[in-house]
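The next block holds one structure in the form of structure tokens; read it before the comments.
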Amino acid sequence: MPTTVLITLGSSKQAHHLIPIMLAQPDEHYHIKAFCHSLTTGTKLLHKYGQPHNLSIVVGDQNNPREVAKVFENEHVDVVYHIAPPFSVDEEHNGINFIRAAQKAGVRHFVYSSVLHPIRKKMIHHHAKLNVEEYLAESTLNYTVLQPTHFFQNINVKAAVEDGSLKVPYNPENEMGFVDLRDVSEVAFKVIDEGAKHYRARTIATTIASVSGKDVVAERADAAQVAKVMSKGDKDAYERAIRMLVYYDSWGLTGSTNILEWMLGRKPTSAEEYVKYALGQ
């Protein structure tokens, strides 16, 4: 059975590069559902790719939670690749719409195309993506966040050659990073295709029990007492520690070790390996 991938902005530049990669996979391994804001846009999209039967469209308003939820109620979706409409005042709202609907539907993997440095909140659309990232991290979904920078595809190279100048609406002396959308799309497909490798990490208590051969269970300690020990009597440190522990109590804190693996050039130490090391095994 093919994996069904919902691309939430089917007519976007990113989708333009990702869809062909997925259509090119053997044995129609993927069924792509392109979310479009109108039937006209969706029909053009289908004709653009020659109307393959493993590409279909769903029409709706990203900003309407009922319409977004209806997509997941009426369509089977395994993976969501979420692309927000650029510079939309509703970007945070529609991102949360898709996360909530995907969570309710039990979607296997939610991949979010965010932006480089969403912490730079002086840029409003970056800040919106930061809020969506936080909401996604606090959901129960398996998720991956991609943070690409400017796309080379936004530069009109031929015009620059013809005019003898590349006109940019900012100080041309400032350093700007660029990435090719074709590369971003390859990474996006890799994340979708590999799936579980890019999910969040899991618990360690059962690993300790398994390695040691002893019964070990995770039990709740008194957060206030733990924070008191951590803060060593400092009131401000205590406030920060207790807030952290309250957060852990609600959402936990986990992520993927893929970047660490890429930087190390090997698989990072697993929970099992560390427990053996700690026990002198």
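No other residue among Ala137, Ala209 is aliphatic (A, V, I, L, M), modelled with pLDDT of 90 or more and farther than 27 Å from Ile19 by Cα apart from Ala209. For segment 6-22: of the residues being over 26 Å from Glu73 (Cβ atoms) and of a type outside the set (Val, Ile, Thr), which is surrounded by the most Cβ atoms within 10 Å (Cβ to Cβ)? Restricting to residues being over 26 Å from Glu73 (Cβ atoms) and of a type outside the set (Val, Ile, Thr), the top hit is His17.
For beta carbons closer than 6 Å, sequence separation of 6+ or different chains, a first residue in segment 84-107 that is open to solvent by 10 Å² or more (accessible area, probe 1.4 Å) and a second that is among the polar types (S, T, N, Q) and assigned to a helix (DSSP H, G or I), the qualifying pairs are Glu92/Asn131. Tell me, yes or no, whether segment 12-23 has at least one residue that is under 14 Å from His82 (Cα atoms), outside any helix (DSSP H, G or I) and not aromatic (Phe, Trp, Tyr). Yes; the residues of segment 12-23 include at least one that is under 14 Å from His82 (Cα atoms), outside any helix (DSSP H, G or I) and not aromatic (Phe, Trp, Tyr).
Mind listing whichever residues of segment 108-141 are under 26 Å from Glu73 (Cα atoms), among the β-branched types (Val, Ile, Thr) and either in contact (Cβ under 8 Å) with a residue 40 or more places away in the chain or buried (at least 17 other Cβ atoms within 10 Å of the Cβ) (or both)? Answer for segment 108-141, where residues must be under 26 Å from Glu73 (Cα atoms), among the β-branched types (Val, Ile, Thr) and either in contact (Cβ under 8 Å) with a residue 40 or more places away in the chain or buried (at least 17 other Cβ atoms within 10 Å of the Cβ) (or both): Val111, Val132.
When every residue of segment 266-274 is checked against the conditions, at least one turns out to be open to solvent by 90 Å² or more (accessible area, probe 1.4 Å) and under 23 Å from the mean Cα position of the chain (by Cα). Of the listed requirements (1) over 17 Å from Leu9 (Cβ atoms); (2) open to solvent by 90 Å² or more (accessible area, probe 1.4 Å), Tyr170 misses just one: (2).
Name the residues in segment 142-167 that are surrounded by 13 or more Cβ atoms within 10 Å (Cβ to Cβ) and either charged (D, E, K, R) or in contact (Cβ under 8 Å) with a residue 40 or more places away in the chain (or both), would you? Answer for segment 142-167, where residues must be surrounded by 13 or more Cβ atoms within 10 Å (Cβ to Cβ) and either charged (D, E, K, R) or in contact (Cβ under 8 Å) with a residue 40 or more places away in the chain (or both): Asn142, Tyr143, Thr144, Leu146, Phe151, Gln153. Note on segment 68-83: residues that are at pLDDT 95 or above and open to solvent by 40 Å² or more (accessible area, probe 1.4 Å) amount to 0.
Residues of segment 35-58 that are touching a residue at least 24 places away in the same chain (Cβ under 8 Å), open to solvent by less than 50 Å² (accessible area, probe 1.4 Å), farther than 19 Å from Gln153 by Cβ and not hydroxyl-bearing (Ser, Thr, Tyr): Phe35, Cys36, Gly42, Pro52, Asn54, Leu55, Ile57, Val58.
The values are calculated or read from the model by the stated rules, or taken from the named source; none is laboratory data. Computed from a prediction, not measured in an experiment: that's the story for all the values here. For neighbour counting, all protein chains shown are included, and Cβ atoms are generated from backbone atoms with ideal geometry for every residue, glycine included. Just the protein is used for accessible areas: all its heavy atoms, side chains included, with ligands, DNA and RNA removed. Shrake-Rupley method; radii C 1.70, N 1.55, O 1.52, S 1.80 Å.
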